[in-house]
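In what follows, a single structure is set out as structure tokens and then discussed.
What follows is calculated from the coordinates using simple rules that are stated; it is not laboratory data. Since we're looking at a predicted model, the values are computed, not measured.
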Amino acid sequence: MTHQPDATEWCAIPAPPPAGHLAIAAHYALNYHPGTLNYCPGCAGTHWLIGRVMAQCARCDTALPLAQVAETPVRPLFVSHATRTIRRSG
């Protein structure tokens, strides 16, 4: 699924930032935000291929994490706890 701006977004589109300009800012996390116009940091393109976890620029293949996924705290999938009833023979 690609994001293509509709006619109302074309009126308020700011000029694209220079390529690589946003990437060199200190402490700046590049994320894809659904529902807004996202410029690619590599080529300043606006067409994206959206997945479940990442968005990929259709022009230069730069991949960005989705904002919702990047804001989710990382949790382990499996947690193993040893109980006192388990004894190792040794």
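What's the extension gain from A29 to R75 if we count 0.36 nm per residue and subtract their Cα-Cα distance?
Details: separation 46, 0.36 × 46 = 16.56 nm, distance 2.01 nm.
The span from A29 to R75 would gain 14.5 nm if fully extended.
Counting only residues 5 or more places away or on other chains, whose amide H sits under 5 Å from the amide H of A55 once H atoms are built in the peptide plane?
Here the answer is L64, L66, since their amide H atoms fall under 5 Å of that of A55.
For region 58-75, take each phi angle, set θ = phi - 60°, evaluate the Karplus expression 6.51 cos²θ - 1.76 cosθ + 1.60, and give the result in whole Hz per residue in order, putting x for glycine and proline.
6, 9, 10, 6, 6, 10, 10, x, 5, 4, 5, 6, 5, 7, 6, x, 7, 10
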